[in-house]
1. Quick test of your reading of the structure: Arg74 fulfils all but one of (1) charged (D, E, K, R); (2) loosely packed, with under 14 Cβ neighbours inside 10 Å; (3) in contact (Cβ under 8 Å) with a residue 24 or more places away in the chain. Name the failing condition by number.
2. Here's a check for you: in segment 174-198, which residue that is among the acidic types (Asp, Glu) and within 18 Å of Met211 (Cβ to Cβ) is surrounded by the fewest Cβ atoms within 10 Å (Cβ to Cβ)?
3. Has segment 71-81 got any residue that is within 22 Å of Val7 (Cα to Cα) and modelled with pLDDT of 95 or more?
4. Determine which member of the set Arg73, Arg54, Arg20, Arg108 is under 29 Å from Leu259 (Cβ atoms) and more than 16 Å from the chain's Cα centre (by Cα).
5. Going by what's in this entry, would Val65 be described as assigned to a loop (DSSP other than H, G, I, E, B) and closer than 20 Å to Pro151 by Cβ?
6. Can you say whether Arg136 is of a type outside the set (A, V, I, L, M, F, W, C), free of Cβ contacts under 8 Å to residues at least 24 places away in the same chain and farther than 23 Å from Arg20 by Cα, as far as the supplied structure shows?
7. Can you tell me which residues in segment 12-35 are in a helix (DSSP H, G or I) and surrounded by 12 or more Cβ atoms within 10 Å (Cβ to Cβ)?
8. With respect to Ile218, determine if the residue is under 17 Å from His125 (Cα atoms), without any contact (Cβ under 8 Å) to a residue 60 or more places away in the chain and not in a loop (DSSP other than H, G, I, E, B).
Amino acid sequence: MNPAELVAIDTHTHLEVSCRNPFDNYGEEFDRAADRYFRSSRRPTMDETLAYYRDRKIGFVNFTVDAETQIGRRRIPNEEIAEAALANPDIMIAFGSIDPHKGKFGAREARKLVEEYGVKGFKFHPTVQGFEPQDRMAWPLYEVIDGYKLPAVFHTGHSGMGSGMRCGGGLRLQSSNPMLLEDVAIAFPDMQIILAHPSWPWQDEAISLAMHKPNIWIDLSGWSPKYFPPQLVKYANTLLKDRVLFGSDFPLITPDRWLKDFEEAGFRSEVVPGILKDNAARLLGLS
């Protein structure tokens, strides 16, 4: 991927449809609840996603979420995403996702994904995966990521997953409080931690962590920029301008909508190139 040939780099996109495994309808009630919450049922294939981003000259990081233990649904294969990235390196980067409950076996898979498939980072969703980030259960995975000095994306804040379901589908929002990542940031200083989304209702905690720990970043995915908390915009414009990243949460929010709203969200012109592309290029080792 050559950043000079791209308009932007979207650091947060999902694959939610496998063209390799048959559809697993177990836990489909979570999908229907998400459709209602996000007012969208769009779930493009990998080929459709590639075509969308290539047409717009936007590079993208893509991943799934392995939540087999808590949700019970078969995951989309990491290899499916990684092989697509290997075949389309001009536009796509693959991150892996491994359920932390898989312990050392999961750590073995993480190492294989990095060494044999060129995976460049990993995605965690504490609320959906049913774990707290500081739990030692997840540390074998972190040790691999830290050893390769790779980034890890952690969902933080509120989650549309489970919203409106009875008991929220049993999913715990408290697991995605960004302060639970402080112990992780200290123990694994070579793992770059990305706090995904405005971390509402813990936005100030996320900003404080990123101010205090230089291996913590913030991505701006999952919300239209016109709804960003004002303090997030303030710090992205100033003290955290070098560690804030464009992310859309595609397909739930498209780059088309995100970029349009971003223009009117109060970001200073001098920080825009960093947020849209340069910070991600540095984080991902592209610059």
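1. Here Arg74 meets the rest and fails (2).
2. In this case the residue turns out to be Asp183.
3. no
4. Matching residue, one of Arg73, Arg54, Arg20, Arg108: Arg54.
5. Values: assigned to a loop (DSSP other than H, G, I, E, B): yes; closer than 20 Å to Pro151 by Cβ: yes.
For Val65, the condition - assigned to a loop (DSSP other than H, G, I, E, B) and closer than 20 Å to Pro151 by Cβ - is met.
6. Against the criterion (of a type outside the set (A, V, I, L, M, F, W, C), free of Cβ contacts under 8 Å to residues at least 24 places away in the same chain and farther than 23 Å from Arg20 by Cα), Arg136 qualifies.
7. Glu29, Phe30, Asp31, Arg32, Ala33, Ala34, Asp35, listed by residue number.
8. The answer is yes for Ile218.
The values are calculated or read from the model by the stated rules, or taken from the named source; none is laboratory data. These numbers come from a predicted model, not from an experiment. As a convention, Cβ positions derive from the backbone with ideal geometry for all residues, glycine included, and neighbour counts pool all protein chains shown.
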